[in-house]
1. Given the structure, is B:D121 at pLDDT 80 or above and of a type in the set (D, E)?
2. Go over the candidates A:T270, A:T310 one by one and state the one that is polar (S, T, N, Q), within 29 Å of the chain's Cα centre (by Cα) and at pLDDT below 90.
3. Out of the range A:222-271, which residues are closer than 20 Å to A:H163 by Cα, polar (S, T, N, Q) and away from chain B (no Cβ under 14 Å)?
4. When the range A:20-53 is examined, which residues are found to be at pLDDT 85 or above and aromatic (F, W, Y)?
5. Collect the residues in the range B:21-44 that are away from chain A (no Cβ under 14 Å) and of a type outside the set (S, T, Y), keeping them in residue-number order.
6. Scan the range A:143-160 and tell me whether some residue there is surrounded by fewer than 18 Cβ atoms within 10 Å (Cβ to Cβ) and among the aromatic types (F, W, Y).
7. Do we find a residue being touching a residue at least 60 places away in the same chain (Cβ under 8 Å) and in a helix (DSSP H, G or I) anywhere in the range A:72-92?
Amino acid sequence: MVRPLSIPKIQKATLATALVFTAISLLTLHYVVHFNWLVSVVDGMVNNIFLLLACIGLSNMMGYYQPKKERVMYVLSITLALTLIIIFLAKYLLLYFFSSADNYRSFYDFSLAFRGVLCFVFLAWCAMANILWYRLGEESEMRERLFTAQKLAKEAELNKLRHQLQPHFLFNSLNSVFALTMINPSEAGVMITKLASFLRGTLKRDDDIWVNVAEEMEYIQLYLDIEKVRFSHRLNLDINIDEDTLNLSLPGTLLQPIVENAIKFGLYNTSAKVTIKIDVVSIPNFLQITVQNPFDAEMKATGGTGFGLTSIKRRLYLLFADQNLLQTQAVDNNLYITILKIPQKNDQSSID
Amino acid sequence: MIRAVLIDDEPLARDIVKHYIADYPEIQIVGECADGYEGLKAISLLKPDLIFLDIQMPKINGFEMLELVDEKPAVIFATAYDEFAIKAFEVNAVDYLLKPIDKQRFDLAIKKLPLRLAQLDRTEAVLDAAALNPMQKTRVVVKKDGVIKIIPIADIHYFEADDDYVKLNTVSGNYYKNKTMAFFEQTLDSSQFIRIHRSYIINVAQITKIELKEKDSYVVLLKSDIWLPVSKTGYAKLKVLLGL
């Protein structure tokens, strides 16, 4: 946080206050108590320079550290300690200089309590001003943090929505439907209903909602069917779902991005015929889904960053605290295999 | 007669354009291509007057393909969704169609089919603007001896000005690109590539040392064992970037 004394305006004000205070003290000593100029000036300067140094020290110290609790007690004890130090340091220094002046010594003893109170009040005021400064700074910093956090959350939400809608996929699909309305109207109708079902499925998906394999694979099938209309001539699907997996379940937001990734690298990035293979099997305690897509090694190096999969890995970790639920491997430099494992509890009701 | 080539990876998308063009007997479709490589081949072979060009395609995208075409035909771009591309089109007023393509909009594009020369400059401007897209910053597409190479940006050691071209010194040899140094200086990630001299942009990851040659004149040694001169302003930029 910004130190108050690093601001030029406050530096000037502090200096001005110190000068005025010094002037008042030495004028009072000369004209009211009738000491000679030398004594008045030295006394006023010594006391007030100590006070100024204490104030600067106090302010800087509070910039370094402030206790969260018992702030007032902390400040009062420090102020008191500083006051005692100043008072006695000034006294011994001044009486050492002016030891011969008898009336000065008696005056000093007489005014010591008054000097102490004045010094304490001034230091306490200085400390309070500093506390207030830092408190206000903290508050505005916190407000700013909160504001930034809200802004980031909003942006993330928007990005999520945008990603969910997959504009590139959506508009291209619409374009394909549009072409079908002219070339093959009955096929266009089928495609529109599939697109509608797919979008409906997309909108109701959430990290917290588990769906069973039968429902999830129906959704994936819709997505692939639409891609097949767009790229019918070269997209081949090989989907195998084991009977005994149909009642197992998985979070509804994990598989689609994996398949999407497979399509992106396997289909969008090449103009050859491709086969996307999906196997859904049950292994002890886990549901295992394997997605295979061909890929172009040269393209892989320059193309995607695998961002989609990184975010899935992170989400899997958040859901299950396990780093190894998503595994990928490249085979023979042209086949990419993604293996997703979803832990299954024996008691299905506990995860629903 | 206007000879046209359709370049789009989705057959149905090509079908729409074909369907629309049927209304224009003066336009003849002489070729259909499903990716940028095929597109390049068709353009050099058939020398069409007009191409319909999709942006998102396998291997190299529409912009990258067009960069490699020496004698550019008139271009009507088509894209489904690409914020950067659409911005580039709008700014440079080149004709583009959004998918699904509306017939009236298509007719308008054909009607104002631009005078070739006037459009050429604007097409170049679109390519420059499109290159600012962060997706485009990861690689450079070049052609050498008729072969197209996609070079990951990290494989480039340095760029060197060479007459009207920029020479790319890379892991796999030298390539030429018909662009300016200013273009690369502007489009490359400035934390990765830095223009150290009027004639050189270097990959910062390639630096092994910087030496004082004589007063106020520095040289830099790259991992590939090549010394390059550093100008005064170039040295200032290096200092900032490397925190010297």
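The values are calculated or read from the model by the stated rules, or taken from the named source; none is laboratory data. All figures in this text were calculated on a predicted structure; none of them were measured in a lab. Note that each Cβ is placed from the backbone with ideal geometry, even for glycine, and that neighbours are counted across all protein chains shown.
1. Working: at pLDDT 80 or above: no; of a type in the set (D, E): yes.
Here the answer is no, as B:D121 does not meet what is asked.
2. A:T310
3. Residues satisfying the conditions are A:T253, A:Q256, A:N261.
4. Matches in the range A:20-53: A:F21, A:Y31, A:W37, A:F50.
5. B:P25, B:E26, B:I27, B:Q28, B:I29, B:V30, B:G31, B:I43 - these are the residues of the range B:21-44 that are away from chain A (no Cβ under 14 Å) and of a type outside the set (S, T, Y).
6. Of the range A:143-160, the ones surrounded by fewer than 18 Cβ atoms within 10 Å (Cβ to Cβ) are A:143-160.
So of that shortlist, the ones also among the aromatic types (F, W, Y) come out as A:147.
Within the range A:143-160, one or more residues are surrounded by fewer than 18 Cβ atoms within 10 Å (Cβ to Cβ) and among the aromatic types (F, W, Y).
7. No, because not a single residue in the range A:72-92 is touching a residue at least 60 places away in the same chain (Cβ under 8 Å) and in a helix (DSSP H, G or I).
Condition check ((1) assigned to a helix (DSSP H, G or I); (2) touching a residue at least 60 places away in the same chain (Cβ under 8 Å); (3) within 14 Å of chain B (Cβ to nearest Cβ)) across all residues:
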| site | (1), (2), (3) |
| --- | --- |
| A:E141 | yes, yes, no |
| A:T148 | yes, no, no |
| A:L152 | yes, no, no |
| A:L158 | yes, no, yes |
| A:L170 | yes, no, yes |
| A:N175 | yes, no, yes |
| A:S186 | yes, no, no |
| A:T193 | yes, no, no |
| A:A196 | yes, no, no |
